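Chemist: Okay, handing you the structure first.
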Amino acid sequence: MTIEDMGLSAKGPGEGDERPRPRPAQIFWLFCRISAVTIGGGYVMVPVIQRSLERKGWLDESAFYELFAAAQGIPGPLALNVACFAGARLRGRAGFAAGAAGVLLPPFAAIVVVAAALHRLADYPAVRGFLDGAYAVVPGLVAALLFNMIKKKRWSKRRALAASLGALALIASGAWAVPVFFAVVALARLAEGRAPGASVGRSRQ
């Protein structure tokens, strides 16, 4: 699957998008700064990436969630996928490479430095306080991302009930969380296929 197949190739000024096209160096620096200061994994970085892209006027909210949905369907770290897809959308293959490099460089450098110094710094109260404070922010950022995703979906009573039951099943599953997750996804797809409007949509195609 190529960048063009995913519909994420860069759009020029004459192709219906008047937003500014950043240079690959700008894309690299944006993702490098985000990756360097964000702690907590891909779902924490995604809302930061979204706000940064919107603030610079490079992508609007709907375009970001379109590429975010595509990034979730590709194996690999979520933040890396989002950075690659956003870079490709903004500047084609060069943007793809710039986004990937920007996300990967800070954690790689941090691992090298921290691995060498961790045994000396781990007992300092200031270091422990910083890590505890950073971890406390993670649930809020993840909740904000989930809220935005839920807000954009069209909800019916059937969907709300299915989502609630699926969440409860995952919470109660314990060590069986992985098979229960796939079972919930499969049942959700079957339920969507049997929804009243699904057969109508297929018959019209």
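Read-outs: derived from the displayed coordinates by stated rules, not from any lab. Everything quoted here is computed from the prediction, not taken from an experiment. All Cβ positions, even for glycine, are placed from backbone atoms using ideal geometry, and neighbour counts span all protein chains on display.
Chemist: With θ set to phi - 60°, apply the Karplus curve 6.51 cos²θ - 1.76 cosθ + 1.60 along region 65-75 and write out the HN-Hα couplings as whole Hz, x wherever there is a Gly or Pro.
Modeler: The phi angles translate into 5, 5, 6, 5, 4, 5, 5, 5, x, 10, x Hz.
Chemist: Report the calculated FRET efficiency for Val178 and Phe147 (r = Cβ-Cβ distance, R0 = 30 Å), to the nearest 0.05. Let's see the in-between values first.
Modeler: Numbers: r = 25 Å, r/R0 = 0.84.
The value I calculate is 0.75.
Chemist: I've got another one for you. FRET efficiency for Val114 and Lys157, Cβ-Cβ distance as r, R0 = 41 Å, nearest 0.05?
Modeler: Values: r = 49 Å, r/R0 = 1.20.
FRET efficiency, Val114 to Lys157: 0.25.
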